[in-house]
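Peer 1: After the structure tokens below, expect a handful of questions from me.
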Amino acid sequence: MQLNANPFPYDFEISKTALVIIDMQRDFIEPGGFGETLGNDVSLLEAIVPACQAVLQAWRGVGGLVVHTREAHDAELKDCPPAKRNRGNPSLRIGDAGPMGRILVSGEPGNQIIPALAPVPGEIVLDKPGKGAFYATPLHSLLQQAGITHLLFMGVTTEVCVQTSMREANDRGYDCLLLEDCTESYFPAFKAAAVEMMRAQGAIVGWTAMSSQLLPALAAAPAR
Ligand code: TIU
């Protein structure tokens, strides 16, 4: 299958490709979570949910592997370096009690993936303590076991966890594509810059495309 991507066409096989959905959790998308404690206007992010939902549904329809990540720490914060917890001047720190439970702690209401994109049985759900999805997680070995060589990325935020994860994946040899209308940042200029820099220099980090390129290609694929 080929997508009319930037900076040049992207070839992939569904059976060797995973859809990686980064951190579409309440902590970042809804008021009262980690994103808002950092001083961000979280309302910008929910605009991508319908596009993400359409891609997820179509990807499930063709039987593609789905990976959901959550930025999450254990209840004792053993996997949260003090440097991360102490950084900046948030209204609530990681581990503090907020309106959706403890900020960025595994199992808390705020840490759940938003209902519109909730995982279904058979999909991989990974808690990650860092910004990148490969750091201190079994993601690379899970993908290798599944014979995955190509990754389609969506999620939040573009220049933080999505970009870090895509760079980590690129260094591990995956051909990565970012779905531009399925990712968002609290800073529109940062999203635009991140999208540009990842596909620059002949896809130095990877490709980008709109979901409107992917959806018709999936619709034409045999359902599984
Ligand atoms: N602050 C911000 O933009 N993002 C994060 O802290 N984590 C993710 O991007 N998931």
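Peer 1: Net charge near A192: determine it from the other residues with C-beta under 13 Å of the C-beta of A192, scoring Lys and Arg +1 and Asp and Glu -1.
Peer 2: Here the count lands on -3.
Peer 1: So, taking all protein chains as they sit and a 1.4 Å probe, how much accessible area belongs to E76, in Å² rounded to tens?
Peer 2: 130 Å²
Peer 1: While we're looking at this one, here's another question. Computing the accessible area with a 1.4 Å probe over protein heavy atoms, can you report the carbon and sulfur percentage for segment 20-99?
Peer 2: Here it works out to 53 percent.
Peer 1: Given the options F190, F28, F153, state which has the largest fluctuation in a GNM of the chain using a 10 Å cut-off (strictly under) for Cα springs.
Peer 2: Comparing F190, F28, F153 in the GNM, the peak value goes to F190.
Peer 1: Among residues other than G63 whose Cβ falls under 14 Å from its Cβ, what is the net charge (Lys/Arg +1, Asp/Glu -1)?
Peer 2: Neighbourhood net charge equals +1.
Peer 1: Is there a pair in K84/K128; K78/K128; K78/K191 whose C-alpha atoms are over 24 Å apart, and which pairs would that be?
Peer 2: K78/K191
Peer 1: Along segment 4-14, what does the Karplus equation 6.51 cos²θ - 1.76 cosθ + 1.60 (θ = phi - 60°) give for ³J(HN,Hα), rounded to whole Hz, x for Gly and Pro?
Peer 2: Working through the residues one at a time gives 7, 9, 9, x, 7, x, 10, 9, 7, 10, 4 Hz.
Peer 1: Looking at P31, S141, V49, which one has the Cα that reaches farthest to the positive end of the dipole of segment 1-157 (charges on Cβ: Lys, Arg +1; Asp, Glu -1)?
Peer 2: S141
Peer 1: Quick check for me: using +1 on Lys/Arg Cβ and -1 on Asp/Glu Cβ, what's the dipole size of the chain about its Cα centre, in debye to the nearest 20?
Peer 2: 300 debye
Peer 1: Right, here's the next one. What does the charge dipole of segment 1-72 about its Cα centre add up to, to the nearest 20 debye, if the Cβ of each Lys and Arg holds +1 and the Cβ of each Asp and Glu holds -1?
Peer 2: The dipole of segment 1-72 has a size of about 320 debye.
Peer 1: Here's something else I'd like to know. Could the peptides 215-221, 100-106, 203-209 be put in order, highest first, of the mean number of other beta-carbon atoms found within 10 Å of their residues?
Peer 2: Highest-to-lowest ranking by the protection proxy: 100-106, 203-209, 215-221.
Peer 1: Among DSSP beta bridges lying fully in the chain, give the percent that are antiparallel, nearest 5.
Peer 2: Beta bridges within the chain, antiparallel portion: roughly 20 percent.
Peer 1: May I ask for the net charge around G202, where only other residues with Cβ less than 14 Å from the Cβ of G202 are counted and Lys, Arg are +1 while Asp, Glu are -1?
Peer 2: Local charge sum for G202: -1.
Peer 1: Once you keep just the Cα pairs under 8 angstrom separated by 6 or more residues, what percentage relative contact order results for the chain?
Peer 2: Dividing the mean separation by the residue count of the chain yields 28 percent.
Peer 1: For the chain, set up a Gaussian network in which alpha carbons nearer than 10 Å are linked by springs, and say which option among K131, K16, K78 fluctuates the most.
Peer 2: Comparing K131, K16, K78 in a Gaussian network model of the chain, the most mobile one is K78.
The values are calculated or read from the model by the stated rules, or taken from the named source; none is laboratory data. Fair warning: this is a prediction, and the values are worked out from it, not measured in the lab. For neighbour counting, all protein chains shown are included, and Cβ atoms are generated from backbone atoms with ideal geometry for every residue, glycine included. Ligands, DNA and RNA are excluded from the accessible area calculation, which covers all protein heavy atoms including side chains. Shrake-Rupley method; radii C 1.70, N 1.55, O 1.52, S 1.80 Å.
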